[in-house]
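Worksheet for the structure shown next.
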Amino acid sequence: MSDRPAPTQAGSGQANAARRREMQVRPTGPILPPSNIQGNALMVVIAIMAFLACLTLGGVSMVRATASSWQSQISREVTIQIKPDEKLDMEKSLARARDIALTFVGTKEGRILDDEATARLLEPWLGAGLKLDELPVPRLVVITIDESNPPDFTAMRAMLQDEIPQASLDDHRTWVDRLVSMADTTVLIGMGVLGLVFTAMVLTVVFATRGALSGNRHIVEVLHFVGAEGRFVASEFQKHFLKISLKGSAAGGLAAASVFAGLSLWQRHAVATPESDQATALFGQFTIGFSGYMGVFATMIVIALITTLTARFTVMRTIAEIDSIRSDPARIDGLANG
Amino acid sequence: MIHFENVGLRYGMGPEILKDLTFTIPKGSFQFLTGPSGAGKTTLLRLMFLSLKPTRGLIRSFERDISRIPVTELPMLRRRIGIVFQDFRLLDHLTTYENVALPLRVRGKEEASYRKDVIELLKWVGLGERINVLPPVLSGGEKQRTAIARALIDRPEVLLADEPTGNVDPPMARRLLNLFLELNRLGTAVVIATHDLGLMDQVNARRMILTDGRLDLYE
C-alpha cells in the first residue's frame, strides 16, 4: 500500500504533539478476554485439587518415613528366646546362645535380659513383684546387628537349634514384613487418591475448556476468518489456562505446604503435651522434609502441565469439530445462511 | 484465481440453493455479486472463502482443487483472501488497532514489525484518531472501515465483502466504494455482495446476479 495518501499534516507543533500521543498504542491485549467468573471458579477448583494432591503426597511421604524409621528400629536387633526345661541350665544356655550368635559376622553385641528386666517386661500381664523362679518363663538374649551387613539368620537359627533345642531365633521378620506391607498399601492408596484427583481435575478442565470455547465461539469464528490455524487458537486457549492453572496449583500447593510446616512447628513446640503425643502416635512426625516439599512443588508443576495439555487437546479436538460442522453443508446445525 | 465449475450446494436434506454455478474471478478484477435477499450471496462468499464445502462440482482456488487440499492447509489459502462481513465481526475487547492487526498476529508476526503499517492503514481508512478505541464506542461506519482495514492489512489477492455499505449512509457508502476501487487499482480482485443498485450504478463493473440459485453474469 505504498501509494496510500499521506496523512494530513497538522498545522502547529502542539497539534503534532497531541497527534503523536494519540498514535501510541496500548500494550497488545490477549486475544482471549482476561479472567472472568468462570476462570476464577476454575482456579479455585484447581487450587482445591492441588491442595488435596499435595496433602496426599505429603501424607504418603510421612507414613513412609515413619514406617521406615520403625522398620529400622526393629531390624536393628534380633532376639533369642530360650524356653525353660527341667534338664536345662538356663543361665549357661543363655550365655551359650549369646556366644553362638556373636560368632556370626554382622552381629555387634549380645545382652542377656536379666531377671529384673524380664520381670519388667511381664509386669503389664502378671503384675509387680514377680518371682521368675516360681514360673516357667522363657528368657531372652537381645543381639544387636549391623543393619547394613546383617548376619545369616538361617545358619544362626540352625546352629542354635543344634546346640540348644529349647532356643528359637526371632529376627522380627514378621513385624518388618507387616510394616513394609502397611507402608506399601498406604503408598498404593495415596497413588489411587492422586489418580482420582488428577482424573477429576482433567475432567473439570475438559468441561471448563469446552465451556470457555463455547462462551468464546465468536472469537474462534473471527480467528478462523482471519486465517488462524487450529494450533494458534489452541495455543491462545493454552496460555489462558496455563495462567489459571499456575495460579490455582500454586495456591493449593502453598496451602498444603503451609499445613505441613504449621503442624510440624506445632509438634515441635508442643512436645510432651497430651495433644502432641496423641498426634505423634497416630500420624508420626509431621515433617515431610526437603524431598517432601520438592514433591509438593513437582505436584504443582504436574497439575499446571496436565491442565494446560488437557486444554490444548480439548481445544484442538473441539476446533476440528467446529471446522467440520462449519464446512459441511449437510450439517445445518452450525450455519449462517445468506 | 477462483474458478467454480458446476457447483451446487444444499443444506442438509433441503432443496439445492446454489445450482450449477460456473464462473471465474480473474486476478485484479472488480465485480458486484447481487440478487434478492436469501438468494445465497453469503453462502457463495463462504464457498469462495473455502469456509464451506460444495455438495457437488469443482472449486479451484489459486490453481488448486480444494477437494484435494488437506484441512490443515486451508488456513494458508484463506490468508490470501480477505473477507468483510455485514455484521463486522470485530472483537469487542480489542482496540481498533488490535482488531486490524489480528490477521498479522495470527500469522505469528512481531508487533514491532507491523505497528507502522497498521497505523498507516488506519489513517488511510480515516480511523487515524480512533486507534485505541474499543468497537462498542465506534459508529457503524467506523466499525465497517475497521473490518475492511482488517481484511486488507495482509494485502490479500482477493477481497470478499458482504454488504459492506449495508449499515452506512450514502456519503460513507461512496467513500467505502472508493476505498475498494483504490484497492482494486493496486491489484486486488474485489467481489462486493450487495443489493444496493445505487452503489452498483456508480461503477462500471461486472455484475454477478444470483436468482433462484442460478448465476447470471453481466460483463
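The values are calculated or read from the model by the stated rules, or taken from the named source; none is laboratory data. Worth saying up front: this structure is predicted, and the values here are computed from it rather than measured. Quick reminder, even Gly has a Cβ in these numbers, built from the backbone with ideal geometry, and neighbours come from all protein chains shown.
Assess whether A:GLN71 counts as being under 40 Å from the mean Cα position of the chain (by Cα) and more than 30 Å from B:GLU98 (Cα to Cα). When the stated conditions are applied, A:GLN71 passes them. Take the residues in the stretch B:118-162 that are more than 12 Å from chain A (Cβ to nearest Cβ) and in contact with a strand residue (DSSP E or B) (Cβ under 9 Å, 6 or more places away or on another chain); name whichever of them is farthest from B:PRO75 (Cα to Cα). So the residue we want is B:GLN144. Residues in the stretch A:233-267 that are surrounded by fewer than 19 Cβ atoms within 10 Å (Cβ to Cβ) and within 11 Å of chain B (Cβ to nearest Cβ): A:SER235 alone. Scanning the stretch A:163-198 for residues that are basic (Lys, Arg) and closer than 13 Å to A:THR79 by Cβ yields a total of 1.
Quick one: is A:ILE189 β-branched (Val, Ile, Thr), outside any strand (DSSP E or B) and within 14 Å of another protein chain (Cβ to nearest Cβ)? Against the criterion (β-branched (Val, Ile, Thr), outside any strand (DSSP E or B) and within 14 Å of another protein chain (Cβ to nearest Cβ)), A:ILE189 does not qualify. The residues in the stretch B:75-110 that are facing chain A (nearest Cβ under 8 Å), part of a helix (DSSP H, G or I) and touching a helix residue (DSSP H, G or I) at 6+ places or on another chain (Cβ under 7 Å) can be counted, and the count is 5. All of A:LEU88, A:LEU42, A:LEU32 fail the test of being more than 32 Å from the chain's Cα centre (by Cα), modelled with pLDDT under 85 and buried (at least 17 other Cβ atoms within 10 Å of the Cβ), apart from A:LEU32.
As for the stretch A:213-226, it holds at least one residue that is within 14 Å of chain B (Cβ to nearest Cβ), surrounded by 15 or more Cβ atoms within 10 Å (Cβ to Cβ) and touching a strand residue (DSSP E or B) at 6+ places or on another chain (Cβ under 6 Å).
So that you can scan it fast, the table gives a plain yes or no per residue for (1) within 13 Å of the chain's Cα centre (by Cα); (2) under 14 Å from B:THR188 (Cβ atoms); (3) modelled with pLDDT under 90; (4) not in a loop (DSSP other than H, G, I, E, B):
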| site | (1), (2), (3), (4) |
| --- | --- |
| B:GLY126 | no, no, yes, no |
| B:ARG130 | no, no, no, no |
| B:VAL133 | no, no, no, no |
| B:PRO136 | no, no, no, yes |
| B:ALA149 | yes, yes, no, yes |
| B:PRO156 | yes, yes, no, no |
| B:LEU159 | yes, yes, no, yes |
| B:ASN167 | no, no, yes, no |
